[in-house]
Amino acid sequence: MDYILRCNSLKCRAPLNDRAVVTTCSHVFCTHCSDRVGLSSATGLARICPACSTALNNPDDAVVTQLNPSEDYKTSILSGLSPNIIMECASRGLAFYSYQTSQEIVYQEYLAKTWTEKYQNLSNQMDKLILDANSEIKALQDKLEAMHMEHKNLEQKNHDLVEAFREKSKTQQQIQKLYQSLKAQVMASHVATAATNEAEHTIHAATRDRFVDRIPGTRSGLQQHFNQFSLDPQGNGRNHNRRESGSSGGSGGQGRAAQNSGLGPSWTSQAQNARNWTSRKQFNRFQDL
């Protein structure tokens, strides 16, 4: 495979297939670059090689050549020249080709070195990134493991707290039941005391009303006076007995005060109902507390 020449301008490096401009300093350029720097025309100011900055003063120092000449051109170009001139032209042509080949090798070596350095730098950066990433991953894994351990510890603490709360709840319920029982007992004692006091107050009031009614001239004095001499079931007369009257000075007590006071069974039932109503009212009041 033949070697393909390339434009010696580092900014171009285009392959040369048809026409090119060659210089006596063994450089070759494409027609576009030659026209841009003025190498393709022999008139005007002095020309300078863009590759090595050599002054090209003579008209034949830079000429346009055909890289793929025709057969007629090959036949006529060296015709009439002596063998020495032909060999000299051939040797100079081979030297030009050898120089372009060596320059291409140097350029490729330079590119290889440049790309190798870039690759090395990128490889070092990649290794550093990988090392940093591995370090960060390791740190995150350790942190995650520590968080898992902390989560397990928190779950255990939560379980212990739940068990303790259940035990406290059971204890609180027991204490609440005991408190309700004691409260009921205390309220029952208060209700019983209040009912007793209310009953005694009612009996004392009824007893006072009886002695008032016994005074002559009162609204029921005559009736009470007549009842003192009422007949017993056998038809015998009965005088008022102070012991059986249930008065405060008698030994019959307050239990027979209502029966011997002359008020009758209806008053006794009413007094009992009033005492029961008072007891229920006091009990409900203590229940609301």
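We did not get these values from a lab; they are worked out from the coordinates using the rules stated. Quantities reported herein were computed from a predicted structural model and do not represent experimental measurements. Because the Cβ atoms are built from the backbone with ideal geometry, glycine has one as well, and the counts that use them run over all protein chains shown.
Tabulated data for the structure shown
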| quantity | calculated |
| --- | --- |
| Residue count for the stretch 8-63, restricted to those that are aliphatic (A, V, I, L, M), touching a strand residue (DSSP E or B) at 6+ places or on another chain (Cβ under 7 Å), within 16 Å of residue 107 (Cα to Cα) and free of Cβ contacts under 8 Å to residues at least 60 places away in the same chain | 1 |
| Count of the stretch 95-104 residues which are farther than 14 Å from residue 5 by Cβ and without any contact (Cβ under 8 Å) to a residue 40 or more places away in the chain | 0 |
| Residue 114 being among the β-branched types (Val, Ile, Thr), within 60 Å of the chain's Cα centre (by Cα) and closer than 30 Å to residue 13 by Cα | yes |
| Filter result (basic (Lys, Arg) and outside any loop (DSSP other than H, G, I, E, B)) within the stretch 1-22 | 6, 19 |
| Any hit, the stretch 70-93, residues being in contact (Cβ under 8 Å) with a residue 40 or more places away in the chain, of a type in the set (Ser, Thr, Tyr) and part of a helix (DSSP H, G or I) | no |
| Residue in the stretch 140-152 that is assigned to a helix (DSSP H, G or I) and closer than 30 Å to residue 13 by Cα present | no |
| Output for the stretch 28-53, where each listed residue is under 20 Å from residue 69 (Cβ atoms) and not aliphatic (A, V, I, L, M) | 29, 30, 31, 34, 40 |
